[in-house]
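To keep things clear, I will list the structure first and then write my remarks on it.
The values are calculated or read from the model by the stated rules, or taken from the named source; none is laboratory data. Quantities reported herein were computed from a predicted structural model and do not represent experimental measurements. With ideal geometry, Cβ positions are generated from the backbone for all residues, glycine too; neighbour counts draw on all protein chains shown. Ligands, DNA and RNA are excluded from the accessible area calculation, which covers all protein heavy atoms including side chains. Shrake-Rupley method; radii C 1.70, N 1.55, O 1.52, S 1.80 Å.
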Amino acid sequence: MYISRLVIRNFRNFNHLDVLIRPGVTCVVGENNTGKTNLFHALRLVLDVNLSSSFRQLTESDVHRCISLSKAQQVLISVELKDYATKPEECAMCGLWEVQPNVARLTFRFRPQQSIREAIAREERDPNSLSSEDYRWELTSGTSGSENDPSTVEWDAPCGVAVRFQDLQAFKIDFLPALRDVESDLRNVRTSPLSRLLSVMDIPQEERDALVEIIRTANSNVEASPTIHTAGEAVTTSFADTAGTAFALPVRLGMIAPTFASITRSLTLLLSNGPVIDFDPSRNGLGLNNVLYVSMLLEYFRRRILRQGTAGQLLLIEEPEAHLHPQLQRVLYSKVKESAFQTFITTHSTHISSASPFDSFVMLTGGGDMATSSTVASSIAALGESEKADLERYLDATRSTLLFARKVILVEGPAELFLIPPLVKAVMNVDLERYGISVVPIHGVHFTSYAKLFSSKGLRKKCVILTDGDLVPSDGTSEDCQSEDQPKPTRLKDLKELENSYMRVFACETTFERTLAIQGLLPVLEAGAKELEAPRLQSLIAKAITSLGTKKSDARIKILDGIGSAVLNTAKRFGKARFAQVVSKHSALGSDLPPYIRDAVNWLINDDPHA
């Protein structure tokens, strides 16, 4: 059984979210403050019987953009469960909640209580004169043939029949918050995954009795020690003197109560590392203890699935990368991905996102109106199967940055990555990082798959594509220069046809290196050529700086074209990435930008995505 659909309406920063979920791991990604934690809390409001009811009685701060609850409204969170028919326990639990064969629905609603709704219907109560005391929460199930879909049902319409909390007792949720004290959780009997793991292990009664007898014998031997016996009598006497005869109780000194339950509660994890043997996990770093905790939790869930009487399980992990080395992040994630139960994780780690299947992403994007939009990557209709496969291959630890950024500049390669941010900061006084703008090289010109990610039906964040006019990879063999009177390549025309309110294409006429040959960037290029020890280019630029002010327009263009060719040849000779890396160190000397870069940045920093 797994969660196949999640609907959230009017809850915190979610105005209306309706996403389809696949089995296995769901990777929830997005910039800060887009509601990843709120999404987890929404799931718990519906499914977690251990979540205190006080959290379910919502307040104005839990309602999306709500100043007061005076106007009748609702918060609705609905979960659909699928593929439970093959397990009797799950089928028994979900059978009464079915909306269609093998699909069940549970819905949490916070809305005016029934007496208030009835009074409003009789026009005895003004629907705009309510208070928070008039609202109650309810948990309902879908009914077969129900017409009220949770995505559209109004606040005063029914949405199934009431569900008792005890019906959910067999469903298990574990939630690991981002700021978790793993060391304390390992010690605490209630939170330790070791205790839960032991609870689902089938330990024969004979073995239990043998363990209890060992403790009973040990207690007797300890108590028989003269010193321990004397200390026990001393405590008994002192207690009687202090509490008085009426309240005194006999005292014995022992290790633990001789019961199997006390044995399981008292077991402690002991670790060994080289010469250090049997040490407490508190001596470990936070990262390894985090992995230790999750590993035991995964084993607990694995064994729980095999037991009778269990019906469904869900693991929610916030930021599993906490305190972990990048390699260990990927190892831990791969283990979670292999598990036979459903897991939701939130992450800011590109190492985890790069290891996640493309169809596992739920991408959250913040809007200027305090609302979060969501996209299931695999459901973007514009993407064909080959394009999805392309993204699956290419969203590595570098390029998956675009999933977390507020806005994106897609470029061909490392030369643009090294040079554009410092030049934009020097010339336009725009720090791209402070604007939440990431420059992402795709190491090629295969922009189409990426371009289709950004739209009103995909990622609702602004993206610009900065590309050369030839749309040929930097290591291609086509002519680097294309004259203005020649038509643009069909590929560029096709790419520009994908433009929408969230995505724009800005192309130069030739290649990136040639476009740098403008008067305002000549000091930057001259300093870079000097550091690279490219005397011919340095001399050419120095002469141009001296003579350009006295030349007519046609002559100026010819001089700059010559410098552009020399810059490109020098970049190829030293390597385009290396050339850009060195030149970028002198960006502060720049006073101008190629127009297409300036236009792209101006469009990005405009807050209106429809501008």
Those residues of segment 157-177 which are surrounded by fewer than 16 Cβ atoms within 10 Å (Cβ to Cβ) and outside any strand (DSSP E or B), in sequence order: Ala157, Pro158, Arg164, Phe165, Gln166, Gln169, Pro177
Candidates Ile3, Ile21, Ile8 - the one that is open to solvent by less than 30 Å² (accessible area, probe 1.4 Å), closer than 21 Å to Thr152 by Cβ and in contact with a helix residue (DSSP H, G or I) (Cβ under 6 Å, 6 or more places away or on another chain): Ile8
Segment 42-63, residues that are assigned to a helix (DSSP H, G or I) and open to solvent by 30 Å² or more (accessible area, probe 1.4 Å): Arg44, Ser53, Ser54, Phe55, Glu60, Ser61
Single unsatisfied condition, Ala555 versus (1) within 28 Å of Leu492 (Cβ to Cβ); (2) assigned to a helix (DSSP H, G or I): (1)
Subset of segment 591-610 [open to solvent by 10 Å² or more (accessible area, probe 1.4 Å) and either at pLDDT 95 or above or over 17 Å from Ile437 (Cβ atoms) (or both)]: Ser591, Asp592, Pro595, Tyr596, Arg598, Asp599, Asn602, Trp603, His610
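Considering only residues that are outside any helix (DSSP H, G or I) and touching a helix residue (DSSP H, G or I) at 6+ places or on another chain (Cβ under 9 Å), which ones fall in segment 189-201?
Those that are outside any helix (DSSP H, G or I) and touching a helix residue (DSSP H, G or I) at 6+ places or on another chain (Cβ under 9 Å): Val189, Thr191, Ser192, Val200, Met201.
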Selection status of Ser339, of a type in the set (Gly, Ala, Ser) and touching a strand residue (DSSP E or B) at 6+ places or on another chain (Cβ under 6 Å): no
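Do we find that Leu419 is open to solvent by less than 40 Å² (accessible area, probe 1.4 Å), modelled with pLDDT under 90 and in a helix (DSSP H, G or I) in this structure?
no
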Candidates Glu213, Glu183 - the one that is outside any loop (DSSP other than H, G, I, E, B), open to solvent by 60 Å² or more (accessible area, probe 1.4 Å) and on the phi < 0 side of the Ramachandran plot: Glu213
Odd one out for Phe108, checked against (1) under 15 Å from Glu80 (Cβ atoms); (2) at pLDDT below 95; (3) crowded, with 18+ Cβ neighbours inside 10 Å: (2)
Breaking point among (1) of a type outside the set (S, T, N, Q); (2) open to solvent by less than 10 Å² (accessible area, probe 1.4 Å); (3) modelled with pLDDT under 90, for Gly95: (2)
Leu540 more than 15 Å from Leu419 (Cα to Cα), open to solvent by 10 Å² or more (accessible area, probe 1.4 Å) and in contact (Cβ under 8 Å) with a residue 40 or more places away in the chain: no
Residue count, segment 559-573 (criterion: under 42 Å from the mean Cα position of the chain (by Cα) and either surrounded by fewer than 18 Cβ atoms within 10 Å (Cβ to Cβ) or farther than 22 Å from Pro421 by Cβ (or both)): 2
Where Ser151 falls short, out of the listed (1) modelled with pLDDT under 90; (2) polar (S, T, N, Q); (3) surrounded by 13 or more Cβ atoms within 10 Å (Cβ to Cβ): (1)
Residues (farther than 25 Å from Leu332 by Cβ, more than 15 Å from the chain's Cα centre (by Cα) and in a loop (DSSP other than H, G, I, E, B)) located in segment 9-41: Arg12, Asn13
Condition met for Ser78 (at pLDDT 95 or above, hydroxyl-bearing (Ser, Thr, Tyr) and either open to solvent by less than 40 Å² (accessible area, probe 1.4 Å) or in a loop (DSSP other than H, G, I, E, B) (or both)): yes
Segment 374-429, residues that are touching a strand residue (DSSP E or B) at 6+ places or on another chain (Cβ under 7 Å) and under 16 Å from Val445 (Cβ atoms): Arg399, Ile409, Leu410, Val411, Glu412, Gly413, Pro414, Glu416, Leu417
Where a residue in segment 200-216 is among the basic types (Lys, Arg) and its partner, wherever it lies, is not in a helix (DSSP H, G or I), with Cβ under 8 Å and at least six apart: Arg216/Pro258
Thr401 vs. criteria open to solvent by less than 10 Å² (accessible area, probe 1.4 Å) and of a type in the set (S, T, N, Q): no
